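The values are calculated or read from the model by the stated rules, or taken from the named source; none is laboratory data. From a predicted model like this one, the values you see are computed outputs, not experimental measurements. We place every Cβ from the backbone using ideal geometry, glycine too, and count neighbours over all the protein chains shown.
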Amino acid sequence: MEQALQYARVSRERYIRELIEYLAIPSISSDPAHKEDIRRCAEWTAGQLRDIGMENVQLHSTAGHPVVTADWLHAANKPTALIYGHYDVQPVDPLDLWEQDPFTAAVKNERIVARGAADDKGQLFMHFKALEAVLKKSGRLPVNVKFVIEGEEEIGSVNLSAFLRAHKADLKADVSAVSDTSMWAEGIPSITYGLRGLTYLEIELTGPNRDLHSGTYGGAVANPAEVLARMLARVKDNEGRVQIPGFYNRVVDLTEQERKLFRQIPFDEAQYKHDLGVAELWGEGGWTPLEQVWARPTFEVNGIWGGYTGVGAKTVLPAKASAKVSMRLAPKQDPDEIVQLAEKYFMDNAPKSVEVKVIRHHGGKPVIVPLDNPYLASATRALREAWQREPLFIREGGSIPIVADFKEILGLDTLLLGFALPDNRAHSPNENFHLPTFYTGIESLVRFLFYLSGEG
């Protein structure tokens, strides 16, 4: 292990050169114009796996973007870890807010800045380099390793569930590991044991058969934009509680052990507000901010539009109005059930003056990894030694749908070993990855491989 750690330390400059090459590929999965870039990025990923010594590297075609798999299976009677990551990235808009070309990585102030630096190329790349360090110095791994790497995470992993079912036997493992989450703060390692689920809807209201003159018809005909605004405003009461009937039926409360873990987290509400530029926080009454974001479900309006929004004035009563909404789900809530409840709520509460259409988008189930998972101790020890402090056990308000699929389809609990920092600007302009954290994270993953095997 010490030889592998030393190898990683002396290879840092090369790691950055290779990562810059990886980040240069504009693998935007949501944009058909980048289909060939996605394929090129999948091939780069496969080539990197071959270079570090992985075997049986394959590029699998799907109905969408390719899935890359690989393995190394020569550690007899040792556990098998399935490592997951994604090589696709978010769009870069608004481009004018970037300090440089999003796909020409720049290193400044101990950070590498580029789209995908933290989400998820940089974090996936850390696993590559940890495995390389061990294989180059030992010629073998202390555990068996399999990879499944997709190019559709940023568009809902639309083809990965089917891929997992079709390759269930090939992907058999003892535990899965994912680095696509964050640490609590710089120098404070964290293991994420809970993720909220997600369901996403688009609501369209149609009133008259055309846009109308707001003077000639205003006051006699219902305005779909106004009706939609009223309907959305009524979804939550003044205490922030969602009013959709049945919404909270399956929500599981925090355990006393979890409440104790939450109290150990150094959350600074004043700093939180300062960072966000808000004078006050607002959420479901009776819960702390961490509980609201990590353990409670919510309903959020992600976008709303209708009528004239161009330059100048145009006095119209719009024929249509639409909104995109997302619901983050607490453990035990079922996305399909919540979609049905939400659809019924909007249908039942719409006046006869408008027609309602609800369009379903992607979603994912919430996840809780049991804190008594036998492999959690290996990850805890690895992080503790690399950072010289106890890791925090945290939840995440976001969603990684594939983690639920790993449990449901493959029967695997997932160790969420994230190394991004809260200010890494994932999905935003000037996305970046803190390089000291990147280096220490690689060392913690080296340690994790040995401790998972029982060595060290």
Boolean, A133 is of a type outside the set (S, T, N, Q), within 24 Å of F448 (Cα to Cα) and touching a strand residue (DSSP E or B) at 6+ places or on another chain (Cβ under 6 Å): no
Residue in the range 245-285 that is nearest to G197 (Cα to Cα), counting only those that are among the aliphatic types (A, V, I, L, M) and exposed (fewer than 11 other Cβ atoms within 10 Å of the Cβ): L276
Residue count for the range 316-359, restricted to those that are among the charged types (D, E, K, R), surrounded by fewer than 16 Cβ atoms within 10 Å (Cβ to Cβ) and in a strand (DSSP E or B): 2
Residue within the range 69-92 that is in contact with a Lys or Arg (Cβ under 6 Å, 6 or more places away or on another chain) and free of Cβ contacts under 8 Å to residues at least 60 places away in the same chain present: no
Index of the failed condition, L73 passing every other in (1) surrounded by fewer than 18 Cβ atoms within 10 Å (Cβ to Cβ); (2) of a type in the set (A, V, I, L, M, F, W, C); (3) closer than 24 Å to A404 by Cα: (3)
Residues of the range 259-315 that turn out to be without any contact (Cβ under 8 Å) to a residue 12 or more places away in the chain, in contact with a Phe, Trp or Tyr (Cβ under 9 Å, 6 or more places away or on another chain) and in a helix (DSSP H, G or I), as a count: 0
Those residues of the range 152-211 which are over 23 Å from the mean Cα position of the chain (by Cα) and among the small types (G, A, S), in sequence order: A166, A169, G207
Some residue of the range 222-235 being modelled with pLDDT of 95 or more and in a strand (DSSP E or B): no
Residue among E455, E408 that alone is of a type in the set (D, E, K, R), more than 30 Å from N159 (Cβ to Cβ) and surrounded by fewer than 22 Cβ atoms within 10 Å (Cβ to Cβ): E455
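Return the only residue of G187, G219 being at positive phi, in the same structural domain as A117 (by TED's automatic domain parsing) and of a type outside the set (D, E).
G187 is the lone residue from the list that is at positive phi, in the same structural domain as A117 (by TED's automatic domain parsing) and of a type outside the set (D, E).
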Neighbours by Cβ (under 8 Å, 6+ apart or cross-chain): first from the range 33-49, among the aliphatic types (A, V, I, L, M); second part of a helix (DSSP H, G or I): L49/F128
Which numbered condition A130 fails, given (1) out of contact with any Leu (no Cβ under 6 Å at 6 or more places or on another chain); (2) buried (at least 23 other Cβ atoms within 10 Å of the Cβ); (3) of a type outside the set (S, T, Y): (1)
From F448, F406, residue being touching a residue at least 24 places away in the same chain (Cβ under 8 Å) and touching a Phe, Trp or Tyr at 6+ places or on another chain (Cβ under 9 Å): F406
Residue list for the range 61-74, restricted to those being in contact with a strand residue (DSSP E or B) (Cβ under 6 Å, 6 or more places away or on another chain) and either closer than 15 Å to E36 by Cα or not assigned by TED's automatic domain parsing to the domain that holds A166 (or both): P66, V67
Failed condition for S378, given (1) among the polar types (S, T, N, Q); (2) buried (at least 18 other Cβ atoms within 10 Å of the Cβ); (3) part of a loop (DSSP other than H, G, I, E, B): (3)
Members of the range 381-397 that are surrounded by 19 or more Cβ atoms within 10 Å (Cβ to Cβ) and assigned to a loop (DSSP other than H, G, I, E, B): P391
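Out of the residues in the range 141-182 that are of a type in the set (D, E, K, R) and under 30 Å from P91 (Cβ atoms), which is surrounded by the fewest Cβ atoms within 10 Å (Cβ to Cβ)?
Start the filter on the range 141-182 by keeping residues that are of a type in the set (D, E, K, R), which leaves 146, 150, 152-154, 165, 168, 170, 172, 174, 180.
Add one more test, that the residue is under 30 Å from P91 (Cβ atoms), and what stays is 150, 152-154, 165, 180.
Values: E150: 27, E152: 24, E153: 25, E154: 20, R165: 13, D180: 25.
Checked the range 141-182; the qualifying residue surrounded by the fewest Cβ atoms within 10 Å (Cβ to Cβ) is R165.
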